[in-house]
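The values are calculated or read from the model by the stated rules, or taken from the named source; none is laboratory data. Remember, it's a predicted structure, so these values are computed and weren't measured experimentally. Positions of Cβ are generated from backbone atoms using ideal geometry, with glycine treated the same way; all protein chains shown enter the neighbour counts.
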Protein chains: 4
Amino acid sequence: MIVGMRAGATKIEIDDVIQRANSLGLQTQLNLGSDRTVIAILGSNTGRLSTDIFAVLPGVETVTRIMKPYKLAAHEFKEGSSIVSIGGVTIGGNGIVVIAGPCAVENETQLFAAADVVKKAGANILRGGAFKPRTSPFSFQGMEKAGLELLARAREKFGLPVVTEVVDSGDVKLVSQYADILQVGARNMQNFSLLKNVGKSKCPVILKRGLSSTVTEWLTAADYLLAEGNTQVILCERGIRTFEDTIRFSLDISSIPVVKKSSHLPIIVDPSHASGHYSLVPAIAKAAIAAGADGLLIEVHPNPKEALVDGLQSLTPSDFTRLMQELRPVAAAVGRCLV
Amino acid sequence: MIVGMRAGATKIEIDDVIQRANSLGLQTQLNLGSDRTVIAILGSNTGRLSTDIFAVLPGVETVTRIMKPYKLAAHEFKEGSSIVSIGGVTIGGNGIVVIAGPCAVENETQLFAAADVVKKAGANILRGGAFKPRTSPFSFQGMEKAGLELLARAREKFGLPVVTEVVDSGDVKLVSQYADILQVGARNMQNFSLLKNVGKSKCPVILKRGLSSTVTEWLTAADYLLAEGNTQVILCERGIRTFEDTIRFSLDISSIPVVKKSSHLPIIVDPSHASGHYSLVPAIAKAAIAAGADGLLIEVHPNPKEALVDGLQSLTPSDFTRLMQELRPVAAAVGRCLV
Amino acid sequence: MIVGMRAGATKIEIDDVIQRANSLGLQTQLNLGSDRTVIAILGSNTGRLSTDIFAVLPGVETVTRIMKPYKLAAHEFKEGSSIVSIGGVTIGGNGIVVIAGPCAVENETQLFAAADVVKKAGANILRGGAFKPRTSPFSFQGMEKAGLELLARAREKFGLPVVTEVVDSGDVKLVSQYADILQVGARNMQNFSLLKNVGKSKCPVILKRGLSSTVTEWLTAADYLLAEGNTQVILCERGIRTFEDTIRFSLDISSIPVVKKSSHLPIIVDPSHASGHYSLVPAIAKAAIAAGADGLLIEVHPNPKEALVDGLQSLTPSDFTRLMQELRPVAAAVGRCLV
Amino acid sequence: MIVGMRAGATKIEIDDVIQRANSLGLQTQLNLGSDRTVIAILGSNTGRLSTDIFAVLPGVETVTRIMKPYKLAAHEFKEGSSIVSIGGVTIGGNGIVVIAGPCAVENETQLFAAADVVKKAGANILRGGAFKPRTSPFSFQGMEKAGLELLARAREKFGLPVVTEVVDSGDVKLVSQYADILQVGARNMQNFSLLKNVGKSKCPVILKRGLSSTVTEWLTAADYLLAEGNTQVILCERGIRTFEDTIRFSLDISSIPVVKKSSHLPIIVDPSHASGHYSLVPAIAKAAIAAGADGLLIEVHPNPKEALVDGLQSLTPSDFTRLMQELRPVAAAVGRCLV
């Protein structure tokens, strides 16, 4: 951590900073610049300290981190790539995983039709929401436990592991009895109570990026899961909130190489929630693979016109089947393959 | 809801939209424009419908809401201003309420010193966090139940109602036994499970604006509380995430007149979390009052240099006392007074 | 245009809206909804009208566009794709064009070394800045006319068309004497005086997206060029300003399919300015091709360590040569090829 | 400037950084941290250097500025407050200046009616646009020279200095013959060619903040004006682009105390362009004064319903007269007065 003093800071103010550091067991080194003094705070754990500790002291103008605030998600903690294995499917290796299915589980017919389509088209994992976080209390809130049971039956019938969202820490136990992977949604990325409970469950988890979270905050949220001993963490980029109004969220394509550079965790991309419109899903899905993503999370509905939730962003069975065919050469072009 | 068809949409496509509307019990009216056809979907409940229902149909180019998605928080549902009463203090009337105290409850000495200062300076309600949502799992997470007990003792000793944050739906019962007002933090604004439980508790609640939530989403989140029968809802603007990097969050001053125009709920402002720096708090606090806010939520620490959390944004006792004196003439200038 | 009246709007207020429309030569149609009245303003030119004309009238609550504000850049004006031809190179067809070179022209040695590298690696057009828009007045501002002369000599020597930025409407004549393509930079996207002059020049032009401009505003800015009769317009996505702080700008990958859906103009991508860091350029470049971009604009410097401007985002010769090889299979995977 | 090396950086990499600094005439100081080495680059001019110079070197992970990139606008260059004097009106002292008038000069009747109203209500300076930067080429572009002549006649008749926008460096000479203050609009804040010419003119200037510019970039743009010897620079906050959609731009109220802390330049606020809606102007105007702004720039139209440009954000004569009365006690509450 680097503490920049104001021009004209007094010796007492400088000494105060040094004493504060020493009281925390940290060493310092002084740079007496021509214009202003800079104090380096040394120690391997300064990434965990709040910058406020020094910023609040008189005479201090700036405090800058050199260490990252996340630890366990960082390459400094673990080199290479973490690989998550779910029922024979691995995420984070050379293969590219496709997770597909409806936004919400609506009934057996709909879910089984979707599972059949995505299985035949080559998807590896089935998705479907039983607990739905909805912006308005007057919208459909999901089938809850009945939806989980349908998912479990679909898993058995189609031989696909299933992923579903958990929205409350009190539900983690229940949901993890049915799901192979828990999903923590974008609006819950900093619901730390939920993160701790999902971490304790040791169940594989997809951690969606918060819609206005920086990559650094996202990886620090992953530390909540990792700190509880859950190492099966998959990151999911799903678009961030910007001023652009022709799409629902702006997919941050750069987050893929940035995460690869900083972290050992696998990263997948959700082009459906990012764009909010089926016609934009194929271009974003191909871009994600080309940029190095480890997988995709795509919404598919047997009949989007009748979907209870998010029909506009769902692919039809034929659109999804065509997209799967188009993805194969893109994966090959970057030296990978759909698993 | 207004459905704009693509130029050249066929009669069959237009009829499909009309049939979809009719199947939902809604009437339509057609505008055969010179370039393209526009279909108005009529009915008093269209604000609750997803625009996707029509956007997904062939030949549709745009779907636009005329009705707002929130209902119970809107002026259309209740004219005038809702007033929330807590232990003799009213929020939402002509008086301006000041809620102050430390970010986190650290120990009895710190909390009581803070309570003493804010009481003497004229604050009406004491704040203090017992459960702390922290970006990193390695940061101080709050005193939890012991903190709640200290808050209850401070209430008794200083005669100030207390507000504290609840971060998990499983804790609502516990926290509402100690607190006069529950606070739902910015990162939990769309934790719908928490909102439902806080709504059911009927306990007065401060709903902070999500850091990338629109005013419309914020008022729709308030509908979750109101829909459970909890009418004691106070909104709190605390800054939104933007590109600006000299402050932590950009306080959206316009949200005050926008909320006043659209909703009957009282709105207060938190200049401490918005700015992240004590030196910016007074200017923002005065601006909030001048713009029409019903109150302020300000962090005060007996010794910010030693604060475990957010010391940089906390006012010292003398700074807070001076600010309270400066706020009085501003309140008077807009025809109000500190209560 | 759709005008939504407030609930309870009077007949006089409704008639005022109708009269205002009629006074502009526009027809209207009325929807007497159960809750509120909606008035459709009909006519093929309403996209050019400001919504304020109606929003300012008493009793009006919302005014919504159905028509887009841009005309000449829209698919409604011209179907298919516009193709821009520069010295035998075509942009906007099936081939993918690569424009490469240094950020700024520094001297003959540097420019010619860069031109040699990019030519050998297979780039089609040489870029280099002679007039540099710099954030600070104390930074290097470019070689100006001497830089243009070097670019012209490089064109002759290496047989590559050249593109360079023009920053002032007074310079358009000068720069177009030397350059094959004029570039309008992101910070000048809404310098309408410059756009008009570049439009009049009829010189092919790359219009970079403003760093906080929506796609709609960008296409409307293109209308300034097209309205002057300049049909050789190439759009360039170069990242937008967001809250994310691990990169300089967030490349909006979705803008590629959005532009393709809305406009006939070709679109290229600048991964160098978007990311600000050489290590992120390859992933973004591949993603852009996979998403359907018609070309790339990439910074290459013979020795980035010594670059006067933007060295960090420049590729070395060997990095660029390797990237060109990696791009070919990605282009093939989406049915295209590097030209 | 602080250069953080990657963990495990070699001695050669560290020496390269030191040599690069020395080659630029700068001293360095080394911190051999337990985990990684940090190098401080010392010298009073490092704020003018690009961080890329070091970031591009092998082994470097982060480069952080301690010095600000702006110099002449900074308090370090000039303490206290700069005061700009225009025809007897001073901006930047204890008094608060109100600049008011129509968005665009439309004709003599409209301009003189507006001037009469704002003069009588107590405004100090008349505003009116003759050259209008418009998003679409099909919108009214202003009366140009004829508009300037009307402004000059209004000045004579009503005894008010006039401010008008200049949009092209070729027009600076013309516009400064008529105007008392030149305005550089938000979309031209980084039109550096225009800034240089306005700087050379020595004419007082209002520099509006770019709609996605940080405060640091804004002050650095002011350096362009100051570097040409023009010291009569007034900053104008007019809202920034965010995701919020109930207003046109989000007024950054915090920029007022941030600018006051960092710079000696006066700052005024434009609530009309920020909000885009007349009903929000009074609240924002009062907030700006309470937060410490030195003045306001407000749009007033004798008949907003008939305005050619931005009618929705213009106050009527009676609304403006009432607002002026409401502003006086707010100014007094913060120890200032309307001049």
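What to note about this one:
- When each of B:Leu280, B:Leu308, B:Leu265, B:Leu219 is tested for being more than 18 Å from B:Leu195 (Cβ to Cβ) and surrounded by 23 or more Cβ atoms within 10 Å (Cβ to Cβ), the lone residue that passes is B:Leu280.
- The range B:197-220, subset part of a helix (DSSP H, G or I) and facing chain A (nearest Cβ under 8 Å), residue farthest from A:Gly210 (Cα to Cα): B:Thr220
- Any hit, the range A:240-249, residues being part of a helix (DSSP H, G or I), within 12 Å of another protein chain (Cβ to nearest Cβ) and of a type outside the set (Asp, Glu): no
- Within the range A:156-172, the only residue that satisfies the criterion of being assigned to a loop (DSSP other than H, G, I, E, B), touching a strand residue (DSSP E or B) at 6+ places or on another chain (Cβ under 7 Å) and either in contact (Cβ under 8 Å) with a residue 60 or more places away in the chain or small (Gly, Ala, Ser) (or both) is A:Pro161.
- Residue selected from the range A:40-51 under the condition crowded, with 21+ Cβ neighbours inside 10 Å and of a type outside the set (Gly, Ala, Ser), by the criterion farthest from the chain's Cα centre (by Cα): A:Ile41
- Long-range neighbours under 7 Å by Cβ, at least six apart or interchain, first residue more than 9 Å from every other protein chain (Cβ to nearest Cβ) and within 15 Å of D:Tyr70 (Cβ to Cβ) within the range D:48-59, second of a type in the set (Val, Ile, Thr) and buried (at least 22 other Cβ atoms within 10 Å of the Cβ): none
- If you go through the range C:15-32 and pick out every residue that is under 19 Å from B:Ile66 (Cα atoms) and surrounded by fewer than 21 Cβ atoms within 10 Å (Cβ to Cβ), you end up with 5.
- Boolean, C:Lys202 is surrounded by fewer than 24 Cβ atoms within 10 Å (Cβ to Cβ), over 12 Å from the mean Cα position of the chain (by Cα) and at positive phi: yes
- Some residue of the range B:300-309 being under 21 Å from D:Glu244 (Cβ atoms) and either free of Cβ contacts under 8 Å to residues at least 60 places away in the same chain or of a type in the set (Lys, Arg) (or both): no
- Hey, A:Pro58 surrounded by fewer than 20 Cβ atoms within 10 Å (Cβ to Cβ) and either of a type in the set (D, E, K, R) or not assigned by TED's automatic domain parsing to the domain that holds A:Leu219 (or both) or not: yes
- A single member of A:Ile39, A:Ile2, A:Ile96, A:Ile86 is in contact with an Asp or Glu (Cβ under 6 Å, 6 or more places away or on another chain) and of a type outside the set (Asp, Glu), and it is A:Ile86.
- Among the residues examined, C:Leu280 qualifies as closer than 29 Å to D:Phe54 by Cβ, modelled with pLDDT of 95 or more and not polar (S, T, N, Q).
- Summed over the range C:99-122, the residues that are touching a Leu at 6+ places or on another chain (Cβ under 9 Å), aliphatic (A, V, I, L, M) and surrounded by fewer than 24 Cβ atoms within 10 Å (Cβ to Cβ) give a count of 1.
- Residue-level analysis places D:Ala186 among those that are in the same structural domain as D:Leu207 (by TED's automatic domain parsing), touching a Ser or Thr at 6+ places or on another chain (Cβ under 9 Å) and under 25 Å from C:Gly47 (Cα atoms).
- Output for the range C:223-274, where each listed residue is in contact with a Pro (Cβ under 7 Å, 6 or more places away or on another chain), among the aromatic types (Phe, Trp, Tyr) and closer than 25 Å to C:Met324 by Cβ: none
- Filter result (under 16 Å from B:Ile234 (Cβ atoms) and either touching a Gly at 6+ places or on another chain (Cβ under 7 Å) or of a type in the set (D, E, K, R) (or both)) within the range B:164-181: B:Thr164, B:Glu165, B:Asp180
- Answer from C:Ala7, C:Ala21 - the residue that is part of a helix (DSSP H, G or I) and more than 30 Å from C:Val233 (Cβ to Cβ): C:Ala21
- Tally, over the range D:52-70, of residues that are among the charged types (D, E, K, R) and touching a helix residue (DSSP H, G or I) at 6+ places or on another chain (Cβ under 6 Å): 2
- Answer residue from the range C:63-75, given it is crowded, with 19+ Cβ neighbours inside 10 Å, more than 10 Å from chain D (Cβ to nearest Cβ) and modelled with pLDDT of 85 or more and is nearest to the chain's Cα centre (by Cα) among those: C:Ala73
- Output for the range A:179-224, where each listed residue is aliphatic (A, V, I, L, M) and at pLDDT below 95: A:Leu211
- Complete set of residues in the range C:37-47 that are facing chain B (nearest Cβ under 7 Å) and farther than 19 Å from B:Ala40 by Cβ: C:Ser44
- Restricting C:Arg209, C:Arg155 to residues that are in the same structural domain as C:Val98 (by TED's automatic domain parsing), touching a Leu at 6+ places or on another chain (Cβ under 8 Å), surrounded by fewer than 24 Cβ atoms within 10 Å (Cβ to Cβ) and not hydroxyl-bearing (Ser, Thr, Tyr) narrows the list to C:Arg155.
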